[in-house]
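Engineer: Handing you a structure now.
The values are calculated or read from the model by the stated rules, or taken from the named source; none is laboratory data. No experiment lies behind these values; they were computed from the predicted model shown. For neighbour counting, all protein chains shown are included, and Cβ atoms are generated from backbone atoms with ideal geometry for every residue, glycine included. Note: accessible area is taken over every heavy atom of the protein model, side chains too, but ligands, DNA and RNA are not part of it. Shrake-Rupley method; radii C 1.70, N 1.55, O 1.52, S 1.80 Å.
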Amino acid sequence: MNAPHLPRPAAPKRLRGRPRQTAEQRDEGLRRHELLAAAARLFRDKGFDATSTRDIAAAVGMHSGSPFYHFKSKDALLFAVMAAGMHTALARQSQAMQAAALAGDTPAQQLRRLIRAHFDTLHGPGNDFVPVMLYELRALSAEQRSALDQLQLDYEAAWNPVLQALHDAGQLCAPVKLARLLMLGALNWSVKWFDPDKGASLDELTEAALALFLKDA
């Protein structure tokens, strides 16, 4: 008598998306994030030249040579701080514009969201990279500056159609390119003087910026 035919066991289903990280990979990712945050804070407070890798390692409880396991040099760490900050800013801005699209915002309302998201980048958690980027670009190589320039272009690109629509509606007096440069320059300068404990909130700051930049804001 023939043995009964047994069905083959089903092949394990392949999981979609990214493979699950191991504990070691998660730990490395966490350490890298801690290094970036500590480096950004120290570069902001002491300046790039005055900050040593020993300072950065001590800030996260590492041995002095350990940061080089994650970054080839202090220059590479500086670039990583700026690039990570820009990617965070791009993600925050993208979320703001997605919300604007879902809400059916007018161009003026879209600009309000862009300005508010920009203020969150300048003054919210993880904002140390902003002054570092403003004042330490000279320490980067030409190739690194070029990569950051592309990230900045990607960031500013979201502003162009909004400003163009406002210009076409007569709410924006200056040409679009000049308006964008002047707006971002003015907003960025707030890192030098804004103190949430002594002045307006970020919402109030946003409304003041709109009143300054637009007719009938």
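Engineer: Excluding residues fewer than 8 places away in the same chain, name every one of the lysines whose C-alpha is closer than 30 Å to that of Lys46.
Structural biologist: Counting by Cα, and skipping residues close in sequence, Lys46 has these lysines nearby: Lys72, Lys74, Lys192, Lys198.
Engineer: Run the accessible area of the chain with a 1.4 Å probe and give the carbon-and-sulfur part as a rounded percent. Intermediate values should be presented prior to the final figure.
Structural biologist: On the way: 7490 of 13700 Å².
Answer for the chain: carbon and sulfur cover 55 percent of the accessible area.
Engineer: Right, another one. For Asp128, what accessible area in Å² do you get when you roll a 1.4 Å probe over the heavy atoms of the protein chains, rounding to the nearest 10?
Structural biologist: 40 Å²
Engineer: Might you report the magnitude of the Cβ-based charge dipole of the chain about its Cα centre, with Lys and Arg at +1 and Asp and Glu at -1, to the nearest 20 debye?
Structural biologist: So the magnitude is around 940 debye.
Engineer: Extent of the chain along each principal axis, from alpha carbon coordinates, in Å, largest to smallest?
Structural biologist: 91, 53, 37
Engineer: While we're looking at this one, here's another question. Could you work out the relative contact order of the range 78-217, using alpha carbon pairs under 8 angstrom and six or more residues apart, expressed as a whole percent?
Structural biologist: Normalised by residue count, the contact order of the range 78-217 is 31 percent.
Engineer: Continuing with this model, one more query. Quick one: dipole size for the range 65-121, taken about the Cα centre, charges +1 on Lys/Arg Cβ and -1 on Asp/Glu Cβ, in debye to the nearest 20.
Structural biologist: Rounded to the nearest 20 debye, it is 40 debye.
Engineer: Right, next: Which lysines does Lys215 reach when only Cα atoms under 19 Å apart count, and residues fewer than 8 places away in its own chain are ignored?
Structural biologist: Counting by Cα, and skipping residues close in sequence, Lys215 has these lysines nearby: Lys177.
Engineer: Which order do Glu136, Glu143 take when ranked by solvent-accessible area (1.4 Å probe, heavy atoms of all protein chains), largest first?
Structural biologist: Largest accessible area first, the residues go Glu143, Glu136.
Engineer: With all protein chains present, calculate the accessible area of His33 using a 1.4 Å probe and round the result to the nearest 10 Å².
Structural biologist: My reading of the accessible area for His33 is about 120 Å².
Engineer: Report the charge-dipole magnitude of the range 169-217 in Debye, nearest 20, computed about the Cα centre from +1 at each Lys and Arg Cβ and -1 at each Asp and Glu Cβ.
Structural biologist: Here the range 169-217 has a charge dipole of around 360 debye.
Engineer: Can you tell me the length gained on complete extension of the stretch Asp45 to His87, counting 0.36 nm per residue apart and subtracting the Cα distance? Don't skip to the end; give the middle numbers.
Structural biologist: Details: separation 42, 0.36 × 42 = 15.12 nm, distance 2.21 nm.
So the extension gain works out to 12.9 nm.
Engineer: In sequence order, what are the phi-derived ³J(HN,Hα) couplings for the range 166-181 according to the Karplus relation 6.51 cos²θ - 1.76 cosθ + 1.60 with θ = phi - 60°, rounded to whole Hz, with x for glycine and proline?
Structural biologist: 5, 5, 5, 7, x, 8, 10, 7, 7, x, 4, 4, 5, 4, 5, 5
Engineer: What list of ³J(HN,Hα) values in whole Hz, one per residue of the range 124-132 in order, does the Karplus curve 6.51 cos²θ - 1.76 cosθ + 1.60 (θ = phi - 60°) give from phi, with Gly and Pro shown as x?
Structural biologist: x, x, x, 8, 4, 5, 5, x, 4
Engineer: Counting each DSSP H run of 4 or more residues in the chain as -39500 (n - 2.57), what helix-only mean residue ellipticity at 222 nm follows after dividing by all residues, to the nearest 500 deg cm²/dmol?
Structural biologist: -21000 deg cm²/dmol
Engineer: Can you tell which of Tyr155, Tyr135, Tyr69 shows the greatest fluctuation in a Gaussian network model of the chain with Cα springs below 10 Å?
Structural biologist: Tyr69
Engineer: Using a 1.4 Å probe, what is the accessible area per residue for the chain, in Å²? The partial results should precede the final answer.
Structural biologist: Numbers: 13700 Å² over 217 residues.
Accessible area per residue, the chain: 63 Å².
Engineer: Could you give the angle, 0 to 90 degrees to the nearest 10, between helix 74-103's Cα long axis and the longest principal axis of the Cα atoms of the chain?
Structural biologist: In the chain, helix 74-103 runs at an angle near 80 degrees to the longest axis.
Engineer: Under a point spin-label approximation (7 Å from Cα along Cα-to-Cβ), what is the Ala142-Asn160 distance to one decimal in nm?
Structural biologist: The two pseudo-label positions are separated by 2.5 nm.
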